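Okay, so here's the structure we're looking at.
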Amino acid sequence: MFNLDLIQTVAFAGVVLFIGYGLCRWIRPLSRYNIPAPVVGGLIVAVAILIARRYGLTPFTFDTTLRDPLMIAFFTTIGFGASLKLLKIGGPQVLLFFIIATIVAVFQNVLGALIALPFGLKPLFGVLAGSVTLTGGPATGLAFAPLFEKAGVQGAAAIAVAAAMFGIVSGGLIGGPIGTFLIDRHKLRKPKLHPGEGPAPSADDIVEAKIPEPKEAAPAGEDQEAYVLLKNLVVLLVAMWIGSWLSKGFQALGITLPAYIGAMFVAAIIRNFDDLTHWIGLSQRTLDDLGHISLSIFLVLALMTLRLWDLAGLILPLVFVLIGQVLMIALLCVGPVFKLMGRDYESAIMSGGFCGFMMGTTANSMAIMKVLVDKYGRAPRAFLVVPMVGAFFIDFTNALLITVCLNIFR
């Protein structure tokens, strides 16, 4: 048995992460359905440990001290993305799409709780297989899993990963057909793209383009890029520091909160203060990079210690909940979402994208919309609205919604 200390554990996680990137590059279905590389790598270790456990072996023990700080750092960067200025730039359609997504997240939790009850399970089981893992993805599921465990949902981490993977694959499978159905049924075709037109940019690229980078020069003798990175890292750490005090204050009032909520709130306040004053000069691109690094390593660390055997006996109710979620999202996308967003070509593209991030990740949304526009024609409004809501705003309100559910159903 190998007992890995903190540095060794993080180094091992880094190696596993890049194994995940390699597998996603070599195994086409993994990249096609946008399965995150940290999830692929981490699950390989979790499965290997599960197999070893069947033979009475424990090959590794990990020091996961950095797991929670990395998780908090990622969600703090989500807070920095909650810019009211950005919401204003996006216009009324971004606000409307954001409201729709938040309401649907509520529906996901209500539906999940209702399906869980006949199986004799806690409503929180359905919530965990609702907006926690479908709207939130594997990161949100693993971040909230300890709180769901404390509330009586056994095997919460394993359930979260299973539900998130089901959602990512399901969203990738049905998002494109939903968009195609709407375009064909309502005869919304646009001219096809001309040869040589570039690929669709990522969600982060689209949103970052709307937030100008600060133009503050580095002090004499300092590298500009290093200075920007250092400043944003320090602001991130300060938000986490102040946020920890805020979280402790809420806990003293008897309110159940995940560890990162306080930091996420503080980050949102700092972001909007800086938007008004420009005193700090936050770089959204740098903060996104820091969040991506934190998320990747957190996911690997969390998955390496996943207790897959906890899923035994819970597969049937989980499948029923998830099938119900897929049907609900599909019906909402072809009906209310399409109609409320304008009943036009762009709305059809947005409906496909909505399915992607409400069942998995924003990367799914972008991939679905790219396939549709490659076939039917550009949809610039959809490529502004969907990433703003899916990559930035919905994670903020979803965290608050999950927190409310934890306090209601505990």
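Read-outs: derived from the displayed coordinates by stated rules, not from any lab. Remember, it's a predicted structure, so these values are computed and weren't measured experimentally. Cβ coordinates were reconstructed from backbone atoms using ideal geometry, including for glycine residues, and neighbour counts include every protein chain displayed.
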Which distance in nm do the two modelled labels at L95 and H292 give, with both placed 7 Å along the Cα-to-Cβ direction?
3.1 nm
If you take volume of the Cα convex hull per residue in Å³ from the coordinates, which of [x] 123; [y] 154; [z] 144 do you get?
[y]
F60 long-range amide H proximity, modeled H, under 5 Å
F2
Between R32, R285, R53, find the one with the highest GNM mean-square fluctuation for the chain; connect C-alpha pairs within less than 10 Å.
R53
Figure the gain on full extension for L233 and L246 (residue separation times 0.36 nm, minus the Cα-Cα span) and round it to one decimal in nm.
2.7 nm
Ordered by fewest other Cβ atoms within 10 Å, a rough proxy for footprinting exposure, M328, M388 read M328, M388
Treating only the Cβ atoms of Lys and Arg (+1) and Asp and Glu (-1) as charged, compute the dipole magnitude of the range 261-328 about its Cα centre; round to the nearest 20 debye.
160 debye
Using only helices, what value at 222 nm comes out for the chain when you add -39,500 (n - 2.57) per DSSP H run of length 4 or more and divide by the total residues, to the nearest 500 deg cm²/dmol?
-23000 deg cm²/dmol
Under the definition of Cα pairs under 8 Å and six or more residues apart, what whole-number percent is the relative contact order of the chain?
31 percent
Excluding residues fewer than 8 places away in the same chain, name every one of the aspartates and glutamates whose C-alpha is closer than 20 Å to that of K231.
E208, E213, E216, E222, D223, D274, D275, D288, D289
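For the range 300-410, with only Lys/Arg (+1) and Asp/Glu (-1) charged at the beta-carbon, what is the dipole magnitude about the Cα centre, in debye rounded to 20?
Details: 8 positive and 5 negative charges, 27 e Å.
Here the size comes out at about 140 debye.
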P(r) for the range 256-408: what percent of alpha-carbon pairs falls in each 10 Å bin, starting at zero?
9, 26, 34, 25, 6, 0
The size of the Cβ-based charge dipole (Lys, Arg +1; Asp, Glu -1) of the chain about the Cα centre, to the nearest 20 debye, is 1300 debye
Within a Gaussian network of the chain (alpha carbon springs, distance under 10 Å), most fluctuating of L327, L96, L121
L327
Which pairs break 27 Å Cα to Cα here: K85/K215; K88/K339; K215/K248?
K215/K248
